[in-house]
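Peer 1: One structure coming up, written as structure tokens, with questions to follow.
The values are calculated or read from the model by the stated rules, or taken from the named source; none is laboratory data. None of the values given here were measured: they were computed from a predicted structure. Glycine gets a Cβ as well: all are built from the backbone with ideal geometry, and neighbour counts include every protein chain shown.
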């Protein structure tokens, strides 16, 4: 199923040329981990379907009209834009078409590790050739500003995604270079960033600005790491440090283009997290994806510079998000109005925006928080977002997409072939295609296992090549067998996450039980020893079916209960249940059974139980009556949330009535 | 508290000059009933506050900007419009400013019966003078089309409310003539209707059209009744009969003005109930107020012409509304998108649109269904809408208004001084000011008491003047004492509604018990006898506190319970309760107590009980956990729904969690 990279394979040790402090724990690179089982299936869907679909959609002319005639598009999208109906005042989702390309290139790059695809690689090469040709002699590169709004570059960082697009092209360039060894786009983007660094920065005569949509910060960290050029890290840090400082750049920029700073569609700079300097922030606010990307960049800079002031802000923000504003699915950002946060504990289910990109962004942020070392506080939440609110955004076959990920549906919320704001498809694509890098992270003399699942990882530790193989049916079963095969005996610490959802866990090394209480801190068991070829670690995570209840501050979940098993949040869908879903009550005492159903949805464990259903007898004469409805017993069957809307359309519900 | 009309009082027997079949039961006229007690307080608020406020708001220039700077108005409103920013293509709420005047005149007229107000009467006279001056020599009258879009009259009946405005001015003219004897506006409107009848109608060369917003149909019936001119009745019948016929007038009209009929903002003619001929309709659809006004007009025509085909359609529509689409408050039309109906059993609480005008419209329709004779099927629902979802739209002091009447609020839904679409304030004003006419209806040898409450009615029956006085603390108490004082003994049937909510009722005449089973049909007890001066009827309606449950098809009320007592639906407000409202559960077994609180909200009966509240202990570390929340006992206090948001802002909830 996996294949070698199709061109010169990227070597891990080329990555770290910078003289700055390294990550304490660095994620393994995508090609270092072969995933099978659950994530293997997801990654195969991306490699065989999604990656090609992303390319096709990005090049299709007037694609939205063609694909979905009922949803007229506000504009057109064709390669490198044609000036058709746009004016100098236009602000449209099409401004960030370059970012779709960046993520598409990134998805394709990661997918090449999994499946050779010379045809797709050739197409991507051609796209990169076009970008090379488009680049101005001074290094500037933006298909929108060059084709549609020439002369307006660097006049509206607040709204127009100019640096955001650069960021995604950088990420694409890094990934494509790593996967193929081809550095044309990497060189293009280095030239562009060198140009950016002349325009924006702290020096007199430079614009003291940053992007309204964060993204370039984390991308510059990647660029610095892959090129060893500290100047890119410095630029990332500048954007982080400068954000929200006074005088406010977006005020000055608006006045410079003759606009009133108050004439901002989203009213408050909380929308783009520039309301106050980032180190003073303690509430997650505004556009959810922007927030996640900002915090990801802050986490990178905190790690790279050992900056505890950033780290303290990130911990406050993490607390705020996870105790007040996170859906049980790991989704976030309840409101369509600002694509983001509203007020504490406001988590509507049916109207949840919970954009796929936002959950993906939470995975990015959480994984970066693990750079400081294993801590289940972050990894548990990363797993929650991965298995639920992010991959719900991609159909099982990799061909259809959700933008919003509600927790309740009457049946009319269905997957799109594409979206007029197509940020989510390539975002979930690149995340799934690079899933291996979220499994493990590596320090000088330690390796941490954050995620479980059938997979093989290869890495060097203290100069010794090591292979680590997990045999597991996770997430369907909590038994994990780990086989270590160092080429020579080598001492290091193996950190194993003990998920918070596991009621009890048993650990054994070569058959000898290990007392978890003795070795566990921050939710990770640490086993330090000299590992030899064939050493066996056995971890048995009890995977109980749980009823979960929300903090009573969450009005929308009052009197409700959700089902989970292991990392998976469950939902009920109409097709598996006889009653209308809102009529169901789940009695607290009803035993819930898990059943592996290999034939269902690519093979899932369902949960089922006996529930009560409100009966409709005797309501002929009116809508309201003094007698409560009679109830009947019925069978309730739940499936993992991520797999919903992969069959016929129908109702879906996560939060059941608690009885 | 009440006063004689300020000019020549209108005489009831002038009303009926038409030779057509009369109403079996005709409502008493406003001046024939003096209301005291509950409705007296409401009517006083309208007479002393609302009526003057309506006038002031209608004449204020740029009023919305002045009143509520946070909600910018799309246009300006000054007397008879000034062409400021409007174009020939403008479609705006300001097009129906004449209708606001019509309802304001009507409210003022009814209020003059209650309280002399020479100052207001003088102002209304001046407005009428302006309309007289505005009228074109051919009879045409529309401040919008004459001032803002000259030359475009009769080109867009679908969207532009031209006949709707005429209808409201007709209703205002009739009421003002009846209250003051002044017939200037009545004559103006007769001339306008005579002109309308030349433009629209079945003859070749006429436009075969009708209004997109129904209203003129019921207004023409009033005009026919007050003038005795059958031609106005015929025009009303034409508009009813023609609606929804093919070829569709709105298609033809659109093409005639060079527009594509498909380019209709609301997509479907269900929006204005013209999708099929009215006699074929069996589902309430589209804009809720339009629907109610159409059905009201249909009911009038059904009665006037003895048209059973219309009656059959109305019964189907009544069934559909009351069994599938009516809030427990008597509110209707859940969606803001079409200001109307969505799908069966879709009754969201927090986002309920439930426009005040729609509940008022339901009162209009229900009262007209009683023209065929006493039937609690209609009168019970009229009472429900009157006491709950309609008067909720007016603050207790008559000065502030709701447009939407949700059944749940987080505290941010508060009353307006005015609204950019100001249809509701004068609508609730005119309904309350004319409340007496909904209490009673009269046939040749019968009188029906539909509503109870402290009041005195005067009417002639078989040529004998009769006074009927109710002594009652209704709706706070179900005991009703009725004293009849005919000037001479006279035989007639007294119909008394036995409300469906009353678990049992006792009836006595001059102290002699009457077996209700023997005399009750269609929910009305009928007592036929020769009534003499001083005859006493005693009706004791048991007024139990009820827990009410919704049909399980209503997803938004699943697992919920509402409290009622007599005609009143109750709600809980934050100010009376310690817990957040969504945390409360009302146990099924908890006894609920009623308490008269004279000091509260002008004097209301509250309901209170011991409830359970979800406690917030132990949720520091996250949003979700396997243990359900602990519960604590708390006191729950509910107030009548109509009285909510008359104190400090805060949460409100009708449907409590059922425990």
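Peer 1: Could you look through the range B:549-590, keep only residues that are more than 8 Å from every other protein chain (Cβ to nearest Cβ) and in a loop (DSSP other than H, G, I, E, B), and pick out the one that is surrounded by the fewest Cβ atoms within 10 Å (Cβ to Cβ)?
Peer 2: Per the stated criteria, the residue is B:589.
Peer 1: Quick check: anything in the range B:395-410 part of a strand (DSSP E or B), closer than 23 Å to residue B:572 by Cβ, within 14 Å of another protein chain (Cβ to nearest Cβ) and within 24 Å of the chain's Cα centre (by Cα)?
Peer 2: yes
Peer 1: Something else now. Within the bounds of the range A:243-264, is there any residue that is in the same structural domain as residue A:197 (by TED's automatic domain parsing), under 19 Å from residue A:342 (Cα atoms) and part of a loop (DSSP other than H, G, I, E, B)? Quick ask: steps written out before the conclusion?
Peer 2: Here is the first cut: in the range A:243-264, the residues in the same structural domain as residue A:197 (by TED's automatic domain parsing) are A:243-264.
Still in the list and also under 19 Å from residue A:342 (Cα atoms): A:264.
Of the ones still in play, those that are also part of a loop (DSSP other than H, G, I, E, B) are A:264.
Scanning the range A:243-264 turns up at least one residue that is in the same structural domain as residue A:197 (by TED's automatic domain parsing), under 19 Å from residue A:342 (Cα atoms) and part of a loop (DSSP other than H, G, I, E, B).
Peer 1: Another question, then. Of the residues B:472, B:455, only one is crowded, with 21+ Cβ neighbours inside 10 Å, under 23 Å from residue B:108 (Cβ atoms) and outside the structural domain of residue B:95 (by TED's automatic domain parsing); which?
Peer 2: Only one candidate passes the filter, namely B:455.
Peer 1: With respect to residue B:329, determine if the residue is within 26 Å of residue B:381 (Cβ to Cβ) and surrounded by fewer than 19 Cβ atoms within 10 Å (Cβ to Cβ).
Peer 2: Spelling it out, it is not the case that residue B:329 is within 26 Å of residue B:381 (Cβ to Cβ) and surrounded by fewer than 19 Cβ atoms within 10 Å (Cβ to Cβ).
Peer 1: Kindly check whether there is at least one residue in the range A:158-177 that is more than 24 Å from residue A:128 (Cα to Cα) and either crowded, with 20+ Cβ neighbours inside 10 Å or over 25 Å from the mean Cα position of the chain (by Cα) (or both).
Peer 2: yes
Peer 1: Still on this structure, please answer the following. What tally of residues in the range A:467-484 results from selecting those that are farther than 23 Å from residue B:625 by Cα and part of a loop (DSSP other than H, G, I, E, B)?
Peer 2: Here the count works out to 1.
Peer 1: Further question: Having 2 or more residues that are closer than 26 Å to residue A:348 by Cα and more than 11 Å from chain A (Cβ to nearest Cβ) is the bar; report the helices (runs of 4 or more DSSP H) wholly within the range B:307-394 that clear it. Even if it seems obvious, please write down each step before you answer.
Peer 2: Working: elements: B:308-324, B:356-369, B:376-384.
Output list is empty.
Peer 1: Hey, among the residues in the range B:602-646 that are at the interface with another protein chain (Cβ under 9 Å from one of its Cβ atoms) and not in a loop (DSSP other than H, G, I, E, B), which one's farthest from residue B:386 (Cα to Cα)?
Peer 2: The extreme case among them is B:625.
Peer 1: If you don't mind, another one. Give me a count of the residues in the range B:617-642 that are under 23 Å from residue A:331 (Cβ atoms) and out of contact with any strand residue (DSSP E or B) (no Cβ under 8 Å at 6 or more places or on another chain).
Peer 2: 3
Peer 1: A further question follows. Kindly indicate which of A:373, A:286, A:340, A:306 is surrounded by fewer than 24 Cβ atoms within 10 Å (Cβ to Cβ) and touching a strand residue (DSSP E or B) at 6+ places or on another chain (Cβ under 7 Å).
Peer 2: A:286
Peer 1: Go through (1) touching a strand residue (DSSP E or B) at 6+ places or on another chain (Cβ under 7 Å); (2) surrounded by 18 or more Cβ atoms within 10 Å (Cβ to Cβ); (3) more than 14 Å from chain A (Cβ to nearest Cβ); (4) closer than 30 Å to residue B:495 by Cα and name the single condition residue B:516 misses.
Peer 2: (2)
Peer 1: Return yes or no: is residue B:414 buried (at least 23 other Cβ atoms within 10 Å of the Cβ) and in a loop (DSSP other than H, G, I, E, B)?
Peer 2: In short, no.
Peer 1: So, one more: Considering only the range A:591-601, state which residues are outside any loop (DSSP other than H, G, I, E, B) and touching a residue at least 60 places away in the same chain (Cβ under 8 Å).
Peer 2: The answer is A:596, and nothing else.
Peer 1: Here is a follow-up. Give the number of residues within the range A:427-450 that are part of a loop (DSSP other than H, G, I, E, B), surrounded by fewer than 24 Cβ atoms within 10 Å (Cβ to Cβ) and touching a helix residue (DSSP H, G or I) at 6+ places or on another chain (Cβ under 6 Å). First the steps, then the outcome.
Peer 2: Taking the range A:427-450 and keeping what is part of a loop (DSSP other than H, G, I, E, B), we get A:434-435, A:444-445, A:450.
Right, trim to surrounded by fewer than 24 Cβ atoms within 10 Å (Cβ to Cβ) and you get A:434, A:444-445.
From what's left, touching a helix residue (DSSP H, G or I) at 6+ places or on another chain (Cβ under 6 Å): A:434.
The total comes to 1.
Peer 1: Could I ask something else about it? Would you mind telling me which numbered condition in (1) within 14 Å of another protein chain (Cβ to nearest Cβ); (2) within 28 Å of the chain's Cα centre (by Cα); (3) buried (at least 17 other Cβ atoms within 10 Å of the Cβ) residue A:542 fails?
Peer 2: All conditions are met except number (3).
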